[in-house]
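Below is one structure, written out as structure tokens; the observations come after it.
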Number of protein chains: 2
Amino acid sequence: MTAAAKTQVTDHIDQGSIYDSIRARLAEGELKPGKRLKPDELRADYGCSASAIREVLFRLACGRFVDFEEQRGFRVPEATLKRLLEIRDFRVLIESEAAARSIARGDMEWEARLNAAHHKLAHMEVKMRHAQRLREHIAIWTRFDWEFHETLVSACGSSLLQDTLHDLFYQYRQQLAGLVPDYGFREGTVDEHKAILDAALARNPEKCAEAIRQHFSFLDDDPPSSAGTV
Amino acid sequence: MTAAAKTQVTDHIDQGSIYDSIRARLAEGELKPGKRLKPDELRADYGCSASAIREVLFRLACGRFVDFEEQRGFRVPEATLKRLLEIRDFRVLIESEAAARSIARGDMEWEARLNAAHHKLAHMEVKMRHAQRLREHIAIWTRFDWEFHETLVSACGSSLLQDTLHDLFYQYRQQLAGLVPDYGFREGTVDEHKAILDAALARNPEKCAEAIRQHFSFLDDDPPSSAGTV
DNA sequence: GAAATTAAAAATTTCGAGAATGATTGATAA
DNA sequence: TTATCAATCATTCTCGAAATTTTTAATTTC
């Protein structure tokens, strides 16, 4: 393989990578609500057939990242405050329960991983407070954010809960990106994540649930201005 | 469209119907755990191409009704007590929460629909107590059972909760069918459903949650004999 | 000018063939 | 007899073209 081929990153990608890529483009707000997702257009970005894209879009539709209507194809779901709150409430319910089980079952190894994940996330978020071009950091921030929340529930003992949370995390991000500026990044997240960490390490499930609730309560106090429900 | 075309139901089936059909065959235990699901074999049952079956199996994999491994195709997931309990616990968590919200928000119309759904289910379950060939009634019983649980949460205000419960209902049934005799039908369900109905109509969310927990507690007292975890 | 009909264009869905990959069988040798 | 390897078979995966449907544009009619 030549060096020139390296720039052509789209040479040959498996479906899993295409899935991750499109989901990321949705969560980062590049693919905007309402936009139609035509397999024949997207194929150019990934160097594969329309059929392969179609399969990926089907899988994304199962996770509710795109809408699908028979004979009418795929499109990016509308971002509404109603839907965002629905996703948030579901996520708070499940993440609180899963965190409580992790607190009850997690060992010292789990504590160490949670500390490490929080350290990376906090470093990133402090750095982003003063960043010029926020856009450039969103992808990495998203990864660290997910790694922290994933680690929090990683000892809960139920892959069902964990996988459901994974989908909800990205659904939440996607809705947020379509409704608020700065891709949903806020100053307050640093302290909020710290509160979740402390409650988890203190093995206090009630306090942890409350910290999780707090982490998402900003939507109640300060509803996004452009959040018409249609 | 002519009247004659209506009778020819098997001529041309849309993907949604194939999805429902295969999911039902899984929930009723016809397609047994471990069995490989080859698109080229299943196509004969539905008169379409292997590609169409492949897409349906992908969608079933999203709902966790079948396992998918790259380059190795699809197969019916193993039924284990561990997995069954995981699904049960998740379902109890969500159904309790969704029922509580329905109790808080549901109007008289909701009460009426819940009564109607329970009436049909109870009638069916009493009839099945003395039925000779249980197998013949499973499909209808499954529908009535789902309609009752669906109606219970239908006023919760979150389509996310409702759709998640829909998947969990069939996942639970599928695991149960693979682990216990009689497709999971028990004598006790009549009284248990009645307790859920009464608590909901009494607008008592705590009592309703307890009744739901009770409805699934038989797995703790009387673990299925053939439930080796592999 | 507005509404309804018709024609053209674009997108979706289905399908079967060929390429790529994994599984199976049978032969050979230790 | 057991293990290794090669050849064979079956299945999965990818793809582009044909058929169906929807959307858009143009035309006609009231």
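Quick check: the angle from helix A:138-152's long axis to the longest principal axis of chain A, C-alpha only, nearest 10 degrees? The two axes meet at around 50 degrees.
In chain B, helical runs assigned H by DSSP with n ≥ 4 each contribute -39500 (n - 2.57); averaged across all residues and rounded to the nearest 500, the mean residue ellipticity at 222 nm is -21000 deg cm²/dmol. For the pair B:ASP182 and A:LEU81, label points projected 7 Å from Cα toward Cβ lie 5.2 nm apart.
Hey, in the GNM for chain A with a 10 angstrom Cα cutoff, which one of A:ALA200, A:ALA52, A:ALA100 fluctuates hardest? Judging by the Gaussian network model, the answer is A:ALA52.
Distance from the Cα centroid of the stretch A:92-106 to that of the stretch A:146-187 is 14 Å (rounded to whole angstrom).
Using a Gaussian network for chain B with springs between C-alpha atoms less than 10 Å apart, which of these wobbles most: B:GLY184, B:GLY63, B:GLY47? Between B:GLY184, B:GLY63, B:GLY47, it is B:GLY47 that shows the largest mean-square fluctuation.
What shape does the stretch B:1-130 have by the C-alpha gyration tensor, where a ≥ b ≥ c are the square roots of the eigenvalues, rounded means a/c under 1.5, and otherwise prolate means a/b greater than b/c and oblate the rest? The shape class here is oblate. Quick check: from the Cα gyration tensor, does the protein assembly as shown come out rounded (a/c under 1.5), prolate or oblate? Since a/c reaches 1.5 but b/c is at least a/b, the shape of the protein assembly as shown is classed as oblate. Rounded to the nearest 0.05, the FRET efficiency derived from the C-beta distance between A:GLU111 and A:PHE218 at R0 = 30 Å is 0.60. Relative to the longest principal axis of the Cα atoms of chain A, helix A:108-129 runs at roughly 70 degrees. Can you tally the net charge around B:ARG91? Count Lys and Arg as +1, Asp and Glu as -1, for every other residue whose Cβ sits under 12 Å from the Cβ of B:ARG91. The answer is -2.
Across peptide B:58-64, what mean number of C-beta atoms from other chains lies inside 10 Å of a residue's C-beta? Counting Cβ atoms of other protein chains within 10 Å of each residue's Cβ and averaging gives 4. The orientation-averaged projection of the convex hull spanning the C-alpha atoms of the stretch A:101-230 amounts to 8.4 square nanometres. Comparing A:ALA44, A:ALA139, A:ALA155 in a Gaussian network model of chain A where C-alpha atoms under 10 Å apart are linked, the largest mean-square fluctuation is found at A:ALA44. Legend note: in the protein assembly as shown, cysteines whose Cβ sits 4.7 Å or more from every other cysteine Cβ are A:CYS48, A:CYS156, A:CYS208, B:CYS48, B:CYS156, B:CYS208. Angle of helix B:205-215 to the longest C-alpha principal axis of chain B, folded into 0 to 90 degrees and rounded to 10: 50°. Using the Cβ-Cβ distance between A:ASP40 and A:SER17 with R0 = 25 Å, the FRET efficiency computed as 1/(1 + (r/R0)^6) comes to roughly 0.80. Sorted largest first by accessible area at a 1.4 angstrom probe radius, with every protein chain in place, the residues B:TYR172, A:TYR183 fall in the order A:TYR183, B:TYR172.
Take the Cα of B:SER159, step 7 Å toward its Cβ, do the same at A:HIS166, and the gap between the two points is 2.5 nm. Across chain B, Cα pairs under 8 Å and at least six residues apart give a relative contact order of 26 percent.
Could you tell me which of rounded, prolate or oblate describes the stretch B:14-75, using a ≥ b ≥ c as the square roots of the eigenvalues of the alpha-carbon gyration tensor, with rounded for a/c under 1.5 and, failing that, prolate when a/b is larger than b/c and oblate otherwise? Verdict is rounded for the stretch B:14-75. Sorted from shortest to longest, the distances between the B:GLU78 label points of this copy and the other copies are 4.6 nm, with each point 7 Å from Cα along the line through the beta carbon. Using Cβ point charges alone (K and R +1, D and E -1), the dipole size of chain A about the Cα centre works out to roughly 480 debye. Positive end of the charge dipole of the stretch B:81-221 (Lys, Arg +1 and Asp, Glu -1 on Cβ, about the Cα centre): tell me which of B:GLY188, B:SER96, B:LEU152 has its Cα farthest that way. Toward the positive end, the furthest listed residue is B:GLY188.
The values are calculated or read from the model by the stated rules, or taken from the named source; none is laboratory data. Please read all numbers here as calculations on a predicted model, not as lab measurements. Ideal geometry is used to build each Cβ from the backbone, glycine not excepted, and the neighbour counts take in all protein chains shown. Each accessible area value is taken on the protein alone, full model and side chains, heavy atoms only, with ligands, DNA and RNA left out. Shrake-Rupley method; radii C 1.70, N 1.55, O 1.52, S 1.80 Å.
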